[in-house]
Structures are given as structure tokens and as C-alpha cells.
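A short write-up of the structure that comes next.
The values are calculated or read from the model by the stated rules, or taken from the named source; none is laboratory data. No experiment lies behind these values; they were computed from the predicted model shown. Cβ atoms come from the backbone with ideal geometry, glycine included; neighbour counts cover every protein chain shown. For the accessible areas, the whole protein counts, side chains as well, though only heavy atoms, and no ligand, DNA or RNA atoms are used. Shrake-Rupley method; radii C 1.70, N 1.55, O 1.52, S 1.80 Å.
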Amino acid sequence: AFGEIRKLMESEGLSESAIRAFQQAYESLVRGDDGMISEISINPASDLPTLASIKKADLSAEATKELLEKTVVLKLNGGLGTGMGLEQAKSLLKVKGEDTFLEIIAKQVKHFRETKGTVKSMFMNSFSTSKD
């Protein structure tokens, strides 16, 4: 059933990742899933350390390095700025000199890597912002 939809999406030039994401949502809808997570089914994380306890932990440089290598800086990069009169992603708006929000975030991650340790970075894009 999804084959025809896939062909149409491919003919429109959509990326494979966009097609797979849509297919997953489509198949969930066909199964009757509503996409909602019931509040009753979730519990807060109870075993996370507090900032104060992390500061007191006195981790070795090696332990800190290992933890940072498992860390991801996740930024939402979604949304066109059409409500602001823009024709592209808001993250591409120049906000400080010639730097965009996106460039400032990249510089922050780069600075962190240079001064604190290696972390991964990931941006969550909408289909519209992926094109920009």
C-alpha cells in the first residue's frame, strides 16, 4: 500500500530519510496508533544525579572524558520563519554580526570541544528546514 506513496515522494525529490519517517508515521496511523503517550505510562527519571552531586563527584580526567564521549548536544532546528516574514529556517537568521543562530550554536559546540572534551552534536530538523 505504501509503494505508490513512496513513488510519489521519490518523484518529488524527497530524501530517503524523509520517506522512511513518513512511512513510519503512515504505518502507525494504519495500525490505529494515535501517537500519544499516556501520562499514566510514563515515570520521571529517578536516578539522575543533581548538578550539585556532579560537582562534588571529583571525577578523574579519564572518567570525565569517557562521560563526555557519551554526551550529545541536541538542538531543535525546526520551523520556518514564515510567521516572522522569513522564507527560510529561523536558525539561518543573522543575529550577531554575520553569524546566524546555527553558526553560534556550532561555535559553542566547537568551543566546548576545545576546552572541555569531545561531545557529539545533533540537530533535529523539520522537513522544511532540512532543505535550507
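The table for this structure:
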| read-out | value |
| --- | --- |
| Residue among Leu92, Leu51, Leu68 with the largest mean-square fluctuation in a Gaussian network model of the chain, springs linking Cα atoms under 10 Å | Leu51 |
| Accessible carbon and sulfur surface of the chain relative to its total accessible area, %, 1.4 Å | 57 percent |
| Whichever lysines have a C-alpha closer than 28 Å to that of Lys70, once near sequence neighbours (fewer than 8 apart) are set aside | Lys55, Lys56, Lys107, Lys110, Lys116, Lys120 |
| Accessible area per residue in Å² at 1.4 Å probe, computed on the chain | 81 Å² |
| Acute angle (nearest 10 degrees) that the helix 2-11 long axis makes with the longest principal axis of the chain, alpha-carbon atoms | 80 degrees |
| Compactness index (Cα Rg / 2.2 N^0.38 Å), the chain | 1.45 |
| Computed Kirkwood radius, in angstrom, where 1/r is averaged over Cα pairs of the stretch 14-60 | 14.9 Å |
| Charge dipole (debye, nearest 20) of the chain; +1 at Cβ of Lys and Arg, -1 at Cβ of Asp and Glu | 500 debye |
| With Cα atoms, 0 to 90° folded angle of helix 101-115 axis to the chain main axis | 30 degrees |
| Degrees, to the nearest 10: 16-31 long Cα axis against longest axis of the chain | 70 degrees |
| Relative contact order for the chain, counting Cα pairs under 8 Å that sit 6 or more residues apart, in percent | 25 percent |
| Hits among aspartates and glutamates - C-alpha to C-alpha of Lys65 under 13 Å, sequence gap 8 or more where chains match | Glu114 |
| Helical contribution to [θ] at 222 nm, DSSP H n ≥ 4, -39,500 (n - 2.57), averaged over the chain, rounded to 500 | -13500 deg cm²/dmol |
| Spacing of the two label points (7 Å from each Cα toward its C-beta) at Ala52 and Ile40, in nm | 3.6 nm |
